[in-house]
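Written out below as structure tokens is the structure these notes cover.
The values are calculated or read from the model by the stated rules, or taken from the named source; none is laboratory data. What you see is a predicted model, and the numbers here were worked out from it, not measured in a lab. Quick reminder, even Gly has a Cβ in these numbers, built from the backbone with ideal geometry, and neighbours come from all protein chains shown. We work out accessible area using only protein heavy atoms, side chains counted, and drop any ligands, DNA or RNA first. Shrake-Rupley method; radii C 1.70, N 1.55, O 1.52, S 1.80 Å.
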Amino acid sequence: MLSRNLINNNLAKVCAGAISRTGVLTAGSQNVDARQYHEVIGDQPSPSMILGIDHLRDPRMNKGLAFTLEERQVLGIHGLQPGRFKTQEEQLELCKMSINRYQEDLNRYLYLIDLQDRNEKLFFRLLSENVEQMMPIVYTPTVGLACQKFGLIYRRPRGLFITINDKGYIYEVIKNWPEPDVRAIVVTDGERILGLGDLGACGMGIPVGKLALYTALAGIKPHQCLPIQIDVGTNNEDLLHDPLYIGLRQRRICKEEYDEFMDEFMEAVVKRYGQNTLIQFEDFGNHNAFRYLDKYRNTHCTFNDDIQGTAAVAVAGLYASQRLTHKKIADNKILFVGAGEAAIGIANLCVNAMVDDGLSEAEARDRIWMVDIDGLLTKDRDARTLEGHKKFYAKEHKPITNLEEIVSELQPSVIIGASATAGLFTKNILTMMGQFNEKPIVFALSNPTSKAECTAQQAFEYTEGRVIFSSGSPFPPVEINGRKFFPGQGNNAYIFPGVALGVIATGTHHIPDEMFLIAAKELANFVSDADLDRGSLYPPLGAIREVSMRIAIGCTSYAYKKGLASTYPEPADTRKWLEDQLYNFNYESAMPITWEWPKMPYFKTKELEPTKLFGDKY
């Protein structure tokens, strides 16, 4: 038989384990912290694992003053809040009033992050229903400033920081994330944040902002999203000497050690969350971005938004411009100013679009010209300056370094800026574009606004209002010759949420470039004549949720047609099937669900007879 002491010891261990899991205190127990931040798992938590106070402490469950009297009483939170009851709609109006009180966008950003930490559904509903006002705050351009100030404004953990010092134990770090159902990861190493350069660990603001848009614009459930910051050091001298810097205070590691680290990272993600976990690479340096895309695209479910997302939104603008120029994409001569990952990505997708128009790949590449910091890409260049994909766009041509001379000689119909160099499209260049073309196409795509190759005002003014213009960051309306134009922003947010939704829903293992061409066509098809008349190649930002759904439908159909999907059977009604998987932005009842059983039939039972356990003497 078990001794009394052993039984008591075991019982004490069981009780201690229960206390540590629930945070419940009993008489005589030691002080145990209450349940921790974000301890509720998934979007369908088990009622038996939730304390009443969790409904106020956890942002996934908190409804603020929207809890009804019955909910407050049953959950045991009555008296913990004022006596006022508010609807979610009333709360939304208060949020709008609060955010409009701030004069600076960084303060608005901090308000929204705090709201996300307090009340998840309210945050995402506010963002999803006010995209035009809120997206420039949670995403470009304000998120760039937030990253620059990240060491100062860092408050609460949101996502994972995995450092080079964790090499060999990356899986153990990923296991620390409490969610078992992660479907989408956005990862950055912070080396090339927007046009701001190496921000190291401060780049975490980018994955956080991107995944907020996954939910707000495509309805992907927030618990299925995981932002990750890879910290391998920084070469930013200001950050290395900044006392507020939150990352490793060392210079970046590179080459073989970094590659081994990334291999381990990719394997750890698959081991923890499965082969079809979407991994979106974001703001890696040019020398790594294409290498990792080429390396992992056929073995993992991955894409690079700076390369492929930017490409899709730019090509969508070119598709939409066809209704103004009456020319196919294949009929254009395109000059790229900048030859980094964004420019190469757009050029590659332009080639796909031209091939789709009937050209060969070689013919398509012949119509694309490219300029980098050393001038026109020509075949007689030092091979070291034609690394990677650049070599596909080098031409048999004399070297030219002056951009105005290049534009004058080539006379392109489309000029696309992805150089992160403000003012590169001078008055002379824009005037020449207007002289060579009845409807010149000028894309100044560099982010943030301070890095744009030209402003919308300059583009319209120096082409007599005939320009077809797009930018990477928002610009105010422009008035030329009594006509007001509202230039469209070629924002990747039109593309990546919808692609991600289609990929996640279908369980696609690998993402081909054709999906981004489909996304570009779906976006262009959504542009109305009214949008084009007002000077925009894109629909209003408020329409992105519908754009995302159409892109997801297109990607879903393609995945099943090409045998890429792993979720079966193929849905009969794709839209309804996708909608059934979306996040619910509205409050739901916090009351436990109850139901009745039917009345039991009557059975006469036998009389109970006591049973002797240990013989007659007991």
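Just one residue in the set 537, 578, 582 is closer than 30 Å to residue 62 by Cβ, in contact with a Leu (Cβ under 9 Å, 6 or more places away or on another chain), outside any helix (DSSP H, G or I) and open to solvent by less than 60 Å² (accessible area, probe 1.4 Å); that residue is 582.
Is region 71-79 home to any residue that is of a type in the set (Gly, Ala, Ser) and outside any helix (DSSP H, G or I)? Yes, that holds for at least one residue. The number of residues in region 251-275 being open to solvent by 60 Å² or more (accessible area, probe 1.4 Å) and outside any helix (DSSP H, G or I) comes to 3. Quick one: is residue 322 closer than 30 Å to residue 214 by Cα and surrounded by fewer than 17 Cβ atoms within 10 Å (Cβ to Cβ)? Yes.
The helices (runs of 4 or more DSSP H) falling completely within region 121-220 that include 1 or more residues that are small (Gly, Ala, Ser) and either within 26 Å of residue 91 (Cβ to Cβ) or open to solvent by less than 10 Å² (accessible area, probe 1.4 Å) (or both) map to 142-148, 205-218. Please tell me if residue 527 is surrounded by 17 or more Cβ atoms within 10 Å (Cβ to Cβ) and touching a Gly at 6+ places or on another chain (Cβ under 7 Å). Spelling it out, it is not the case that residue 527 is surrounded by 17 or more Cβ atoms within 10 Å (Cβ to Cβ) and touching a Gly at 6+ places or on another chain (Cβ under 7 Å). For region 449-465, the set of residues classified as farther than 13 Å from residue 422 by Cα and open to solvent by 50 Å² or more (accessible area, probe 1.4 Å) consists of 457, 461, 462, 464, listed by residue number. The set of residues in region 80-89 being open to solvent by less than 80 Å² (accessible area, probe 1.4 Å) and either free of Cβ contacts under 8 Å to residues at least 24 places away in the same chain or within 22 Å of residue 144 (Cα to Cα) (or both) consists of 83, 86, 87. Only one entry in 358, 317 is open to solvent by less than 20 Å² (accessible area, probe 1.4 Å) and of a type outside the set (D, E, K, R), namely 317. Filtered by the rule that a residue be open to solvent by 20 Å² or more (accessible area, probe 1.4 Å), assigned to a helix (DSSP H, G or I) and either in contact with a strand residue (DSSP E or B) (Cβ under 8 Å, 6 or more places away or on another chain) or not hydroxyl-bearing (Ser, Thr, Tyr) (or both), region 544-574 gives 545, 546, 550, 553, 561. Filter region 476-510 down to residues that are assigned to a strand (DSSP E or B) and either aromatic (Phe, Trp, Tyr) or in contact (Cβ under 8 Å) with a residue 60 or more places away in the chain (or both) and give me whichever is farthest from residue 541 (Cα to Cα). Selected residue: 485.
Here 246, 253 are screened, and the one residue that is in contact with a strand residue (DSSP E or B) (Cβ under 9 Å, 6 or more places away or on another chain) and more than 21 Å from residue 492 (Cβ to Cβ) is 246.
The strands (runs of 3 or more DSSP E) found entirely in region 283-374 that carry 3 or more residues being of a type in the set (A, V, I, L, M) are 334-337, 368-372. In region 102-120, of all residues being assigned to a loop (DSSP other than H, G, I, E, B) and farther than 21 Å from residue 64 by Cα, the one that is nearest to the chain's Cα centre (by Cα) corresponds to 104.
Conditions (1) aromatic (Phe, Trp, Tyr); (2) in contact (Cβ under 8 Å) with a residue 60 or more places away in the chain; (3) over 19 Å from residue 292 (Cβ atoms), marked per residue:
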site	(1), (2), (3)
183	no, yes, yes
186	no, yes, no
190	no, yes, no
195	no, yes, yes
207	no, yes, no
214	yes, yes, yes
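Could you tell me how many of the residues in region 511-524 are open to solvent by less than 10 Å² (accessible area, probe 1.4 Å) and among the acidic types (Asp, Glu)? Residues flagged as open to solvent by less than 10 Å² (accessible area, probe 1.4 Å) and among the acidic types (Asp, Glu) within region 511-524 amount to 0.
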